[in-house]
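K.L.:
Sharing a structure here in structure tokens format.
Values in this text are rule-based calculations from the coordinates and carry no lab data. Predicted model, so just to flag it, every value in this text is computed and none were measured. Cβ: placed from backbone, ideal geometry, glycine included. Neighbour counts: every protein chain shown.
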């Protein structure tokens, strides 16, 4: 994994040397945006699709961005809040060119899990919160306006003595957007392969997401599948899928300096 990070950073350096860090912003005006997606799904997937809530859930992703910095909360909860998670991403775009971009990010995360305990000889389940700290490196290359390829390297560390302690994930993905199906209906496809390492266990997977929307409406329907190639990760499932109905919004703010 260290070699992968070094290779990604070297690649970023090459693009930086050739193109620079991009055009300077307007000195008299800055723009910030607030956007998000709020959805309901039959099976709440984590940001790593292998990890699933295995129950219907609400998925809420919000994005506030100003210049190169963004704050992106990610909330996933089942109906009684007994399982789920809260991720608070702080992200910065080191390189942002027409074709190539490089983003880095860090986050604290809080996962709600069910845990079996024994008290006075009786077994019972409680909801417990696990705490994590994580970081990401995300290069992306735009081949055409509607087709890009990219990678995501994610490392997470547990902040308590039980539960996952060290997690590493490498995603290789492509995004094909704005596929015209007629009648202003558009399709986006996001297939990817990824490798997951958790405390000495490992797995390899294929995942794909399809997003269906119509121009002029804020609602989309999306579905994700996750297929295991090979894994010895505890509680791994060979195949999972979900469907989500989502509401999408975006607001732009202009600030005079």
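K.L.:
Could you check the spin-label model distance between residue 245 and residue 71? Points 7 Å from the Cα along Cα→Cβ, value in nm.
P.N.:
The modelled label-to-label distance comes out at 3.2 nm.
K.L.:
Now for a separate question. Sorting 128, 119 on the 10 Å Cβ count, fewest up front, what's the list?
P.N.:
119, 128
K.L.:
Which order results if 141, 247 are arranged by neighbouring Cβ count within 10 Å, fewest first?
P.N.:
247, 141
K.L.:
Using only Cα atoms, find the angle between the long axis of helix 2-19 and the longest principal axis of the chain, and express it within 0 to 90 degrees, rounded to the nearest 10.
P.N.:
10
K.L.:
Can you give the relative contact order of region 152-257 as a percent, counting alpha carbon pairs under 8 Å and 6+ residues apart? Numbers along the way, then the final one.
P.N.:
Values: 221 pairs, mean separation 18.6, N = 106.
For region 152-257, the relative contact order is 18 percent.
K.L.:
Could you let me know the centre-to-centre spacing of region 203-233 and region 139-164, using Cα atoms, in angstrom?
P.N.:
Cα centroid to Cα centroid, the span is 15 Å.
K.L.:
Between residue 120 and residue 32, what FRET efficiency comes out of the Förster formula 1/(1 + (r/R0)^6) with R0 = 41 Å and r the beta carbon distance, rounded to 0.05?
P.N.:
That gives a FRET efficiency of 0.15.
K.L.:
A follow-up question, please. I'm spelling it out carefully: the read-out is Cα extents along the principal axes in Å, the candidates are (i) 68, 45, 40; (ii) 47, 40, 37; (iii) 52, 37, 35, and one was derived from this structure. Which label?
P.N.:
Label of the calculated value: (i).
K.L.:
Here is a follow-up. Modelling each spin label as a point 7 Å along the Cα-to-Cβ direction, I'd like the residue 172/residue 64 distance in nm, to one decimal.
P.N.:
In this crude spin-label approximation the distance works out to 3.8 nm.
K.L.:
In what order do 98, 237 fall by count of nearby beta-carbon atoms within 10 Å, going from fewest to most?
P.N.:
98, 237
K.L.:
When only Cα pairs under 8 Å and 6 or more residues apart are kept, what is the percent relative contact order across the chain? Working shown, then result.
P.N.:
Working: 640 pairs, mean separation 40.8, N = 257.
The value is 16 percent.
K.L.:
If you don't mind, there's one more thing I want to ask. Per-residue ellipticity at 222 nm for the chain, helices alone: DSSP H runs ≥ 4 residues times -39500 (n - 2.57), over residue total, nearest 500 deg cm²/dmol?
P.N.:
Rounded to the nearest 500, the figure is -2500 deg cm²/dmol.
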